[in-house]
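What follows is a single structure, written as structure tokens, with notes after it.
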Amino acid sequence: FYLTPPQVNSILKANEYSFKVPEFDGKNVSSVLGFDSNQLPANAPIEDRRSAATCLQTRGMLLGVFDGHAGCACAQAVSERLFYYIAVSLLPHETLLEIENAVESGRALLPILQWHKHPNDYFSKEASKLYFNSLRTYWQELIDLNSGETTDVREALINAFKRLDNDISLEAQVGDPNSFLNYLVLRVAFSGATACVAHVDGVDLHIANTGDSRAMLGVQEEDGSWSALNLSYDHNAQNEHEVERVKMEHPKSEEKSLVKQDRLLGLLMPFRAFGDVKFKWSIELQKRVIESGPDQLNDNEYTKFIPPNYHTPPYLTAEPEVIHHKLRPQDKFLVLATDGLWETMHRQDVARIVGEYLTGVHHQQPIAVGGYKVTLGQMHGLLTERRARISSVFEDQNAATHLIRHAVGNNEFGTVDHERLSKMLSLPEELARMYRDDITIIVVQFNSHVIGAYQNEE
């Protein structure tokens, strides 16, 4: 059962979205030219989410990818709410007062974010009032705490992540008289999500990461070639510092049971995440909430069990690791992606594929056939395929789509194999998940001229 190239393209392009930053008076003043994003589901429904927004009351742009587990509820909530928490954390005291006074007197609010959303990106309208009230409580506290100092972006990101996670936990403990909402807040808290968020303001790029999605910078070297610069670290068993951090937070007697089979308590791959209250609440609290919760909650296998060797919670945090990078003219683009991409592609290949796509220039590497015995006929085939590949670049109008095409369709020679792509995309839902994960990608393109001008001013 093969898909034709047009069928493949329609599957690949179904969720693509592009945004170009508008120019003012014919001049482009932003360090961001625009971004492309896309998602390819493996789970049904997809558990990944993505968000992008321009901060209207402060300068800067926010972009993020969110990878859900045990369902999509937590990733959905975080994708809708986190940017508001970050934006509010960055607002000056006077603006917070203006917003609070407007709510008090029933006047229209200053818009805080301009969202850049794909029509498929869903918003849970039923919960908007609840979400707004939690956010308002947060900014009221920020007003009361006013220290008169301007907020540091790093601190704002850390506070926003921790506060949202705290609110997710509290809303689930308090519950809601509306049974639909009650079930929603519990599903959000009992499922989990990792988050990798970028805040770009002028030449200041901050990456806040919780979990195992990644941020990577595409750098163009002087000879025109491409290299990758990592701007995040995975929070999982492969990261020794992360394993050490978890061990430091619990008694020595638990050392053997904390990380088993590369998972937290033998169960969870990421060592940091939103939600996942099974790894944060005391056993008493879990039991109380589940017993008083709606029946649907009891039918969910995930809520029933208590993790093994559960002695000194919390075992999990949503606190992000924040990396700051000053953009340089050679920093051409940023890739934010869930682990579905990084499981299939090396960052160096990601940098090259996106770099060549954006510049339209292909650095022809000598054909590598590493260890394969290749006949002249096969060599001829590879060269013909290479020629075809150059022309196929132009079929994607979106850098994230182009990257997904490679992630799913690459063969051992690093070229997109249509047959493989067709097979992978025609797998039935229950099989797709065994071969790959949901893939969500945002590619942000930078404006080297504006970045160069910033540098010269400094």
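Under 1.5 on a/c is rounded, so check that first for the chain, then, if it is not, pick prolate when a/b is larger than b/c and oblate when it is not; a ≥ b ≥ c are the square roots of the alpha carbon gyration tensor eigenvalues. It comes out oblate by the Cα gyration axes. For the stretch 427-458, list residues with backbone N below 16 Å from a point placed 7 Å from the Cα of residue 118 toward its Cβ? Inside the label zone: 437-444.
When 357, 122 are compared by accessible area at a 1.4 angstrom probe, the order from most to least is 122, 357.
Just to verify a number: FRET efficiency for residue 233 and residue 110, C-beta to C-beta distance, R0 = 30 Å, to 0.05? E(calc), rounded to 0.05, equals 0.25.
If you plug the beta carbon distance of residue 423 and residue 384 into 1/(1 + (r/R0)^6) with R0 = 30 Å, you get a FRET efficiency near 0.90.
In angstrom, the C-alpha Rg and Dmax of the stretch 49-95 are 12.3, 41. Give the calculated FRET efficiency between residue 328 and residue 24 to the nearest 0.05, with a Förster radius of 22 Å applied to their Cβ-Cβ distance. The formula returns an efficiency of 0.35 here.
In this structure the chain gives 47 Å² per residue of accessible area when probed at 1.4 Å with all protein chains present. What separates the Cα centres of the stretch 96-117 and the stretch 123-191 is a distance of 16 Å.
The stretch 390-452 and the stretch 202-271 have Cα centres spaced 24 Å apart. For the stretch 117-189, taking Cα atoms only, Rg and Dmax work out to 14.7, 43 Å respectively. Ordered by 1.4 Å accessible area with all protein chains kept, 123, 446, 180 run largest first as 180, 123, 446. Extension gain for residue 306 to residue 2 (0.36 nm times residue separation, less C-alpha to C-alpha distance): 105.0 nm. Computed with a 1.4 Å probe on the full set of protein chains, the accessible area for residue 84 sits at about 70 Å².
Charged neighbours of residue 312, selected by a Cβ distance under 10 Å, balance to -2 (K, R count +1; D, E count -1). Stretched out straight at 0.36 nm per residue, the stretch from residue 240 to residue 299 would grow longer than its current Cα-Cα span by 17.5 nm. Over the chain, what is the mean sequence separation of C-alpha contacts under 8 Å (at least six apart), divided by residue count, expressed as relative contact order in percent? Relative contact order comes out at 24 percent.
Relative contact order, percent, of the stretch 131-258 when contacts are C-alpha pairs under 8 Å separated by at least 6 residues?
Values: 99 pairs, mean separation 15.8, N = 128.
Taking the mean separation of contacting Cα pairs over the length of the stretch 131-258, I get 12 percent.
In the complete set of protein chains, residue-level accessible area for residue 47 is approximately 40 Å², probe 1.4 angstrom. Ordered from highest to lowest accessible area with the whole protein assembly present and a 1.4 Å probe, 222, 284, 356 read as 222, 284, 356.
Percent of C-alpha pairs per 5 Å bin in the stretch 86-144, short distances first: 4, 15, 24, 26, 17, 10, 4, 0.
If you roll a 1.4 Å probe over the chain with all protein chains in place, what percent of the accessible area is carbon or sulfur? Here carbon and sulfur together make up 53 percent of the probe-accessible area. In terms of overall dimensions, the stretch 187-269 has a Cα radius of gyration and Dmax of 17.1, 54 angstrom.
Both radii come from the Cα set of the stretch 415-458: Rg as radius of gyration, Rh as Kirkwood radius; their ratio Rg/Rh reads 1.40.
The values are calculated or read from the model by the stated rules, or taken from the named source; none is laboratory data. Please read these numbers as outputs of a predicted model, since none were measured by experiment. With ideal geometry, Cβ positions are generated from the backbone for all residues, glycine too; neighbour counts draw on all protein chains shown. The area values use the complete protein model at the heavy-atom level, side chains included, leaving out ligands, DNA and RNA. Shrake-Rupley method; radii C 1.70, N 1.55, O 1.52, S 1.80 Å.
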